[in-house]
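**Q** Quick one: the structure is below, and I'll ask about it shortly.
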Amino acid sequence: MPDKTTHDPDRVAIIGAGPAGLMAAEALTQRGIGVDIYEAMPSAGRKLLMAGKSGLNITHTEDEQVFLARYGDDARIADLVRLFGPMQIISWMQGLGIPAHIGSTGRVFPQMMKASPLLRKWLARLQEAGAVIHPRHYWLGWDDDGGLKFDAPKGALRVMPRATVLALGGGSWRRLGSDGAWADLLRAKNIPVIPFAPSNGGFTIDWSDRMRAEFAGAPVKSVRLSAGAAASRAEFVITQTGVESGGIYMLSASLREALEATGQATLLVDLLPDMSGPKLMERLRRPRGKQSLTNHLRKTIRLTGVKLALLYEIADRDILSNAESLAKLIKALPLKVTGTAPLDQAISTAGGVPWSALTPQLMLIQRPGVFCAGEMIDWDAPTGGYLLTACFATGRAAGRGAADFVAGKA
């Protein structure tokens with residue numbers, strides 16, 4: 001049976017119904033252009049719903065320069081976020097009838113915290129504006145005539161849109177639709193794709209049996225973490241194989257770069273960031289008497305539980321018996337990082353389509369009329385609202401670029 005073909009020169013195809021794809025659809029429908037959104041999964045926004053399971057941290061209201069620094073020295077993503085950043089996202093939510101809740105740390109959430117009410121209102125607005133969502137449509141690439149090929153519920157489908165926005169995600173969370181298979185489809189057309197690397201994921205550390213048995217799953221709070229020039233004051237969690245969670249995610253890029261360069265990396269932990277070095281020294285030098293070192297550390301500097309276990313994991317007997325060496329170790333405890341957790345376990349991925357393969361409007365240079373958005377572009381950011389903000393910003397830019405293309409302006 002021949003492939004079913006649809007052709008509407010006035011409509012744009014969007015492949016991927018995550019935050020970037022849906023924002024591209026919004027940008028296009030605002031210009032009066034009809035869109036067809038093709039999604040491999042049975043429903044839209046699955047990764048967004050997962051991100052909002054315990055509260056959808058959609059963006060952050062910190063100072064703009066601090067905010068933009070979260071994207072490293074990536075000028076392209078910074079420029080896009082300047083155009084559609086925290087204030088614009090808050091306004092956009094309000095336009096959906098969803099007030100923003102700003103937490104004490106500056107993190108922004110929908111007032112009801114969850115992602116599902118926001119997603120429902122967003123999808124309803126898009127559909128009222130003429131967007132059509134096609135679930136269970138898995139993209140198979142282009143045919144020789146430039147048509148989009150899909151494995152669809154009713155069989156093979158071929159689509160010939162006026163323009164296309166690819167918003168296919170990165171290479172993690174395969175079960176939610178981001179399988180990264182699109183990378184080979186682009187490479188087959190000689191479009192460069194940088195290999196994926198895990199970001200906002202865990203790292204491996206060779207813990208002792210005692211550490212794994214007694215402290216796997218334990219949060220380590222009130223610490224300062226650093227790796228190279230990057231630093232974080234957020235907590236982290238001990239796992240059976242290493243470390244993960246918010247404080248670690250802020251350092252993902254630095255740790256990953258060190259691992260790629262040398263095969264190992266060092267995570268420095270200040271176990272008592274609110275106590276100065278001199279004050280720590282003064283307390284450690286107090287007479288111990290017949291107390292055990294454990295009791296001495298508990299009483300003088302309140303070092304207990306998982307923090308004490310981390311100290312004992314690293315320190316040898318000579319260091320523990322010398323107040324000066326012990327103080328230095330407490331302020332900069334080196335944890336040897338041996339690798340990254342598996343790619344599919346990462347919250348996001350680095351790698352993807354390089355900026356050099358895209359025009360300023362996010363159109364593929366080698367594929368006129370095809371635009372890219374979201375995590376499939378090679379940028380990196382920590383969790384905390386920065387990932388979603390950049391997905392929205394790139395989706396909006398790609399949608400606007402596609403609208404200009406349809407109008408003959410690009």
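Here's the yes/no breakdown for (1) touching a His at 6+ places or on another chain (Cβ under 7 Å); (2) in contact (Cβ under 8 Å) with a residue 12 or more places away in the chain; (3) of a type in the set (A, V, I, L, M):
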residue	(1), (2), (3)
Lys114	no, yes, no
Gln127	no, no, no
Ala131	no, yes, yes
Asp144	no, no, no
Gly155	no, yes, no
Val159	no, yes, yes
Arg162	no, yes, no
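**Q** Quick one: which strands (runs of 3 or more DSSP E) sit completely within segment 88-164 and have at least 2 residues that are within 30 Å of Ala234 (Cα to Cα) and aliphatic (A, V, I, L, M)? Outline the logic, then answer.
**A** Numbers: elements: 100-102, 107-110, 132-134, 138-142, 148-152.
Filter on segment 88-164 gives 100-102.
**Q** If you take the residues in segment 240-257 that are in contact (Cβ under 8 Å) with a residue 40 or more places away in the chain and farther than 21 Å from Leu387 by Cβ, which one is most open to solvent (accessible area, probe 1.4 Å)?
**A** Thr241
**Q** So which residues in segment 109-148 are of a type in the set (Lys, Arg) and within 23 Å of the chain's Cα centre (by Cα), if there are any at all?
**A** Filtering segment 109-148 for residues of a type in the set (Lys, Arg) gives 114, 120-121, 125, 136.
Lys114, Arg120, listed by residue number.
**Q** I'm checking my understanding of the structure. Among residues of segment 321-373 that are in a helix (DSSP H, G or I) and among the polar types (S, T, N, Q), which one is farthest from the chain's Cα centre (by Cα)? Quick ask: steps written out before the conclusion?
**A** Step one: of segment 321-373, the residues in a helix (DSSP H, G or I) are 323-331, 343-345, 355-357.
Going one step further and asking which of them are among the polar types (S, T, N, Q), we end up with 325, 345, 356.
Numbers: Ser325: 38, Gln345: 12, Ser356: 21 Å.
Per the stated criteria, the residue is Ser325.
**Q** List every residue pair whose Cβ atoms lie under 6 Å apart, where the two residues are 6 or more positions apart in sequence or sit on different chains, the first residue falls within segment 393-409 and is over 10 Å from Ala20 (Cα atoms) and assigned to a helix (DSSP H, G or I), and the second residue, located anywhere, is of a type in the set (Gly, Ala, Ser) and modelled with pLDDT of 95 or more.
**A** Within 6 Å, the pairs are Arg400/Ala27; Ala402/Ala163; Phe405/Ala163; Phe405/Gly369; Val406/Ala163.
**Q** Name the residue that is surrounded by the most Cβ atoms within 10 Å (Cβ to Cβ), counting only residues in segment 285-320 that are within 20 Å of Asp274 (Cα to Cα) and polar (S, T, N, Q). Give the steps one after another, and end with the answer.
**A** Residues of segment 285-320 within 20 Å of Asp274 (Cα to Cα): 285-286, 296-311.
When the remaining residues are screened for being polar (S, T, N, Q), the result is 300, 304.
Numbers: Thr300: 16, Thr304: 11.
For segment 285-320, the residue satisfying everything is Thr300.
**Q** How many of the residues making up segment 60-87 are in a loop (DSSP other than H, G, I, E, B), touching a Ser or Thr at 6+ places or on another chain (Cβ under 7 Å) and open to solvent by 20 Å² or more (accessible area, probe 1.4 Å)?
**A** In the first step, residues of segment 60-87 are kept if they are in a loop (DSSP other than H, G, I, E, B); the result is 61-63, 70-74, 84-85.
The next check asks that each one be touching a Ser or Thr at 6+ places or on another chain (Cβ under 7 Å); those that pass are 85.
From the residues that got through so far, the ones that are open to solvent by 20 Å² or more (accessible area, probe 1.4 Å) too are none.
The total comes to 0.
**Q** Please state which of the following conditions Ser43 fails to meet, knowing it meets all the rest: (1) open to solvent by less than 80 Å² (accessible area, probe 1.4 Å); (2) hydroxyl-bearing (Ser, Thr, Tyr); (3) within 19 Å of Thr389 (Cβ to Cβ); (4) assigned to a loop (DSSP other than H, G, I, E, B).
**A** (3)
**Q** Take the residues in segment 69-101 that are touching a helix residue (DSSP H, G or I) at 6+ places or on another chain (Cβ under 8 Å) and β-branched (Val, Ile, Thr); name whichever of them is farthest from Ser54 (Cα to Cα).
**A** Ile77
**Q** Could you tell me which residue of segment 219-235 is surrounded by the fewest Cβ atoms within 10 Å (Cβ to Cβ), considering only residues that are within 24 Å of Glu260 (Cβ to Cβ) and out of contact with any strand residue (DSSP E or B) (no Cβ under 7 Å at 6 or more places or on another chain)?
**A** Taking segment 219-235 first, the residues within 24 Å of Glu260 (Cβ to Cβ) are 225-232, 234.
Restricting the remaining residues to those that are out of contact with any strand residue (DSSP E or B) (no Cβ under 7 Å at 6 or more places or on another chain) gives 228-230, 234.
Values: Gly228: 14, Ala229: 6, Ala230: 16, Ala234: 19.
Filtering segment 219-235 for residues that are within 24 Å of Glu260 (Cβ to Cβ) and out of contact with any strand residue (DSSP E or B) (no Cβ under 7 Å at 6 or more places or on another chain), the one surrounded by the fewest Cβ atoms within 10 Å (Cβ to Cβ) comes out as Ala229.
The values are calculated or read from the model by the stated rules, or taken from the named source; none is laboratory data. These numbers come from a predicted model, not from an experiment. Note: ideal-geometry Cβ built from the backbone for every residue, glycine included; neighbour counts use all protein chains shown. Side chains included, ligands, DNA and RNA excluded: accessible areas come from the protein's heavy atoms. Shrake-Rupley method; radii C 1.70, N 1.55, O 1.52, S 1.80 Å.
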